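One structure below.
The values are calculated or read from the model by the stated rules, or taken from the named source; none is laboratory data. Keep in mind that what you see is a predicted model, and the values were worked out from it rather than measured. Reconstructed Cβ throughout: ideal geometry from the backbone, glycine too, with neighbour counts over all protein chains shown.
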Amino acid sequence: MHEFCDITLKRTTMRNLILSLTIVFLGGVIHAQDKNGVTVTVVIENVLNDQGNILAALHTQETFMRGGGVADYATKAKAGAISFQFEDVAPGVYAISVMQDKNENYQMDTEANGMPLEP
């Protein structure tokens, strides 16, 4: 039963994170219609603890899931909400990846089946 609760909590947390990022992403797309670069503000809510670092990257289709983004951000984790910005972002379509690197090894640690061990 405990394993089922952990899986449900992970799914709920991931669903909330994906929803938050989608809203931020759509807001960035609307503002990205300007001819000059814009500032994309990202708000991460519900960081559960102060362990490790928060790592984020702004990605184009070419960089997504292939390593570093076109812009990167890192800060110490802090329980609660964290806000940061990507400055002078050219018009286009982007994705934002965010993770809490609890052990500060600058990579996403995963279980044998590929599920993330870090939020």
- Query: Hey, does region 17-38 have a residue that's touching a helix residue (DSSP H, G or I) at 6+ places or on another chain (Cβ under 7 Å), modelled with pLDDT of 60 or more and on the phi > 0 side of the Ramachandran plot?
  - Reply: no
- Message: If I go through region 96-115 residue by residue, how many of them are in a loop (DSSP other than H, G, I, E, B) and touching a residue at least 60 places away in the same chain (Cβ under 8 Å)?
- Response: 1
- Message: Given the criteria in contact with a helix residue (DSSP H, G or I) (Cβ under 9 Å, 6 or more places away or on another chain), of a type outside the set (S, T, N, Q) and either without any contact (Cβ under 8 Å) to a residue 60 or more places away in the chain or in a loop (DSSP other than H, G, I, E, B) (or both), does VAL93 qualify?
- Response: yes
- Being under 25 Å from GLY114 (Cα atoms), among the hydrophobic types (A, V, I, L, M, F, W, C) and crowded, with 17+ Cβ neighbours inside 10 Å is the filter here, so list the residues in region 56-81 that pass it. ALA56, ALA57, LEU58, ALA77
